[in-house]
Amino acid sequence: MVKENKVLEAKNVSKRFGEVQALDKVNFDLNEGEIHGLLGENGAGKTTLMNILYGLFTEDEGEIYIRGERVKINSPLDSIKLGIGMIHQSSTLVPEFTALENLILGTDGNKMSLELKDAEKEIEKFQKDFGLKFPLHTKVKDLPAGLKKKIEIIRAIYRGANILILDEPTTSLVQEEFEKLLESLKKMVAEGVTIVFITHKIKEVIQACDRASVLTGGIMQGTIDTKKATKEDLVQLMFQDAEINITESAIPIINLPDVEKTSEPILKLQNISAQSKEKDGINLDSISLKIYGGEILGIAGISGNGQKELAEVIIDPNNITKGKLILKGKKINGMSTNKVFSRKVSYIPEDRKKESIIGLGNITENVLLGHQREPRFQKKGIIKWDKVTREAKNIIDEFQVKTPNEKKRAGKLSGGNIQRVVIGRALINELDLLVTHSPTAGLDMASVEFVFKRLVELRSKGTAVLYINEDLDELMQVSDRIGVIHEGKIVEIFGQDQFDKYKIGSKMIGG
Amino acid sequence: MAGQEVSLKQTTKLQKIWVGSKPYILALLIAFGITGAIIGLLGYNVLKAYQTLLFTSFTSQRGIIETLKKFIPLTLTTYAFAIPFKIRFFNIGGWGQMLFGGTITAIVGIALAGFNLPAIIFIPILILVAMAAGGVFALIAGFLKAYYNINPIISTIMLNFIAIYFVNFIATTEPWKAPRTGHPMSLKLPEAARLPELFGQIHFGIVIVALVIIAVYYLINKTVLGYEIIATGINPDAASVYGIKMRRTLMLTFLIGGALGGLAGGIEVMGVHQRLIEGFALTSGAQYGIFGILTALICQGNPLGVPLSSIFISILLVGADAMQRTLQVPVELVFLSQAIIVLFIVVLRRRAGGSFIQ
């Protein structure tokens, strides 16, 4: 057997954050010139491990070797010197600078003037070699997410990185873009770059990686050769005891039972244009949609194409500039959120901590949110706290919220438990329409399955569900139809028999 | 996670109280230390100064009465700041609202003098007038914020100036001004419009304030509106997503805060001076409205903490006056220690991981 050339080895690395053991004696190594998948659920410790290698955190115990030599990485400055580059999940580029300015930022510390011409030539060569094309002289804030990823990769290479850590690089990419990125990565590997590819999708690992390591709950479950391994081996490593059936994209498998749809749509958007509430938001542009009772209508799209605006125009139809919003046959343009909610509508927002809960309030106080003016919880403006407490206890029981009692601060619950409270709260009343935006983001597998099951239950009861999500794999699991939103427009609606990652993906990027 | 829950259970009530009060005790010690050092450096007797400062309120019946007399308007102007502060807006205008409330009370009181109303009707009318005046005056700032996004700090400060000159105008202009006086003041209110004295010592305002304390507690903890105010304060995004009307909530907090500021003015006019008089909203040479901000910051705007922190500052104010009278230590040094207390409470709470706004 050929002796592999280890460029990086981490031995017995441990890291603790307060009460949480984020990493427990983790061993990890990289062979020269490989794409190494680092697989695990959200919160498994993948990013923590990589942040230690990149010098953002320091390990509590353990040793790190680069090319056989023991090193101590105290800051990203150290790791850059050692040839380690990291591309974070969210962009670290300066939005007001052009791509070129971003690339040279911080590289020539001792010169007073910037010699852009030389740098430009060098960068263009990298671009050509690796097939990573992007405009050099456009401000980064005007570029789409996919291009920003490319700029960050070139930036790392330009700074001399030969070990490249990519943290969930595919989150905002559609299938087609992912494949192009993969091609570029393979070219880099051929030039001697070693790549760590962090993901929670088994399919991507099989497609992209030479070897893969699996982390769960801060423990390294093992490393396997993906050429020899099957999807089942990886699933086995990732979800040893779980009784959840999952797809190869690591999504729980859910069966949609046959449900009769209502003959009339619950909600009709007729040619709706609406102004975004946010400064840099996208305005909705002539959107027409019908959502029937007993169906889940998925909305796919790259983040920031009007998803949030679409959800908000339904629960707060005050910014409509054109068109009609019709709920159960009645026009609701200009109606207040309270009134919309009182017509058996509820909403689960995208950003749990920011929009779903009052973090400093306890579970009971959070259960009341949105219901505080309903007669059953108040009389003449005086809240019936005993009724609210009873409802909170019910939700904790029924939705298996892990908490000592209903007086625990909501902000201190885990994401999955917060979402159980939020869903429980939305389901206090019978619903005709549920609008939900990325309800599964960042949740562990059991909670994702929990959310899916609730959505499907609602569908069986005849509720209309508008399910907005950036994750196409998830959408395809639970949707009856999928509409694609791009720059504030619904560009196409796919029926279940037309679901195809490539076709939908290309619509998502405006194809 | 499991470990965290265990450790939560292990903290006893006493420990919780200690953790909660630690920043306050430390801030107090630091502030008194620094002020003490300055008093000493200026050549005064530090021990005697502190003795006077802290204990004047308790050593005589007069001290207690004086303290309560300051406590009444101070509690109200503290609420004037604390209630809009619940949704993170700064009402710097408690001062102007107090002046405006007092002035309108005097105008209406003088205007109604000829009707010979009995006290039982006259006084409630004037109390409502004072509250309405202060409330509407503050509502201007709330409205400007809600509909034109004008920072209430700016609008309330500007409104303060209007109120100051309004007082002067009324107190120096016919038909309101009192004849033949050097100091700007209005005619006296009719007998039936003056707050009665309880036990011949302290005016009825103390009862009104007690009722206000109970009412604010009830409002914040038991009512839908209180819930909406708290929810908006903690997380305005979630509150608005779930249908709480931001503009309405915002304007209501200014209306309620301003009403209590106005009430402070009305009570001072009806209970203490029995007329409008320039400077009626002053204590120890500074505005009750300004002390209200300080006092509210000490208790972090917590409605339950308001009476406590008001009584504390009232004790200091009475002590400071006595200190100046008997030891010639300038009252400003006490203001200094109050400012230091607030600064350190903010700093220490930040360090303890607590947020400035609850």
Among the residues of the stretch A:395-406, is there at least one that is within 10 Å of chain B (Cβ to nearest Cβ), farther than 22 Å from B:Glu228 by Cβ and among the basic types (Lys, Arg)?
yes
Among residues of the stretch A:323-332 being outside any loop (DSSP other than H, G, I, E, B) and of a type in the set (D, E, K, R), the residue farthest from the other protein chains (Cβ to nearest Cβ) is A:Lys324
Note on B:Ile87: of the conditions (1) part of a helix (DSSP H, G or I); (2) among the aliphatic types (A, V, I, L, M); (3) crowded, with 21+ Cβ neighbours inside 10 Å, unmet is (1)
| field | Test: residue in the stretch A:151-171 that is more than 20 Å from A:Glu470 (Cβ to Cβ), without any contact (Cβ under 8 Å) to a residue 24 or more places away in the chain, of a type outside the set (Ser, Thr, Tyr) and in a helix (DSSP H, G or I) | value | no
Any hit, the stretch B:161-173, residues being touching a residue at least 60 places away in the same chain (Cβ under 8 Å), farther than 30 Å from B:Phe143 by Cβ and hydrophobic (A, V, I, L, M, F, W, C): no
Listed by first then second residue, the pairs whose first member lies in the stretch A:351-366 and is within 7 Å of chain B (Cβ to nearest Cβ), whose partner is of a type in the set (D, E, K, R), with beta carbons under 8 Å and at least 6 positions apart or on separate chains, are A:Lys354/B:Asp237; A:Glu355/B:Asp237; A:Ile358/A:Glu365; A:Gly359/A:Lys353; A:Gly359/A:Arg409; A:Leu360/A:Arg409; A:Gly361/A:Arg409
Taking the stretch B:256-275 and the residues there that are of a type in the set (A, V, I, L, M) and surrounded by 21 or more Cβ atoms within 10 Å (Cβ to Cβ), the one that is nearest to A:Val313 (Cα to Cα) would be B:Ile256
Restricting attention to the stretch B:237-269, the residues that are within 14 Å of chain A (Cβ to nearest Cβ) and more than 14 Å from B:Leu219 (Cα to Cα) number exactly 12
With criteria (1) more than 10 Å from every other protein chain (Cβ to nearest Cβ); (2) at pLDDT 95 or above, A:Val388 comes up short on (1)
Within the stretch B:223-236, of all residues that are of a type in the set (S, T, N, Q) and facing another protein chain (nearest Cβ under 7 Å), the one surrounded by the fewest Cβ atoms within 10 Å (Cβ to Cβ) is B:Thr223
Of the candidates A:Gly505, A:Gly411, A:Gly416, the one satisfying the condition of being of a type in the set (Gly, Ala, Ser) and within 30 Å of A:Ile272 (Cα to Cα) is A:Gly505
Scanning the stretch A:333-350 for residues that are assigned to a loop (DSSP other than H, G, I, E, B), out of contact with any helix residue (DSSP H, G or I) (no Cβ under 7 Å at 6 or more places or on another chain) and within 9 Å of chain B (Cβ to nearest Cβ) gives A:Ser336
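Table: residues versus (1) in contact (Cβ under 8 Å) with a residue 60 or more places away in the chain; (2) surrounded by 13 or more Cβ atoms within 10 Å (Cβ to Cβ).
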{"position": "B:Pro179", "(1), (2)": "no, no"}
{"position": "B:Leu187", "(1), (2)": "yes, yes"}
{"position": "B:Leu195", "(1), (2)": "yes, yes"}
{"position": "B:Val212", "(1), (2)": "yes, yes"}
{"position": "B:Val216", "(1), (2)": "yes, yes"}
{"position": "B:Asn221", "(1), (2)": "no, yes"}
{"position": "B:Ser240", "(1), (2)": "no, yes"}
{"position": "B:Leu250", "(1), (2)": "yes, yes"}
Condition test on A:Asn405, is it modelled with pLDDT under 95, outside the structural domain of A:Gly217 (by TED's automatic domain parsing) and surrounded by fewer than 18 Cβ atoms within 10 Å (Cβ to Cβ)? yes
The correct count of residues that are outside any strand (DSSP E or B), farther than 30 Å from A:Lys380 by Cβ and not polar (S, T, N, Q) in the stretch B:176-224 is 17
The correct count of residues that are crowded, with 22+ Cβ neighbours inside 10 Å and either over 18 Å from A:Ile157 (Cα atoms) or under 19 Å from the mean Cα position of the chain (by Cα) (or both) in the stretch A:74-90 is 2
Among residues of the stretch B:189-222 being small (Gly, Ala, Ser) and under 19 Å from B:Ala130 (Cβ atoms), the residue nearest to the other protein chains (Cβ to nearest Cβ) is B:Ala215
Notebook entry, point to check: Would a scan of the stretch A:286-303 turn up a residue that is within 14 Å of chain B (Cβ to nearest Cβ) and not hydrophobic (A, V, I, L, M, F, W, C)?
Noted result: no
Check: Can A:Glu124 be described as in the same structural domain as A:Thr230 (by TED's automatic domain parsing), in contact (Cβ under 8 Å) with a residue 12 or more places away in the chain and among the acidic types (Asp, Glu)?
Finding: yes
| message | If I filter the stretch B:225-238 for residues that are outside any helix (DSSP H, G or I) and under 26 Å from B:Tyr147 (Cβ atoms), do I get at least one hit? | response | yes
Only unsatisfied item for A:Val435, checking (1) in contact with a Lys or Arg (Cβ under 7 Å, 6 or more places away or on another chain); (2) surrounded by 18 or more Cβ atoms within 10 Å (Cβ to Cβ); (3) modelled with pLDDT of 95 or more, is (1)
The lone condition B:Gly101 fails out of (1) modelled with pLDDT under 95; (2) in a helix (DSSP H, G or I) is (1)
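The values are calculated or read from the model by the stated rules, or taken from the named source; none is laboratory data. Bear in mind the structure is a predicted one, so any value in this text is a computation, not a measurement. Note: ideal-geometry Cβ built from the backbone for every residue, glycine included; neighbour counts use all protein chains shown.
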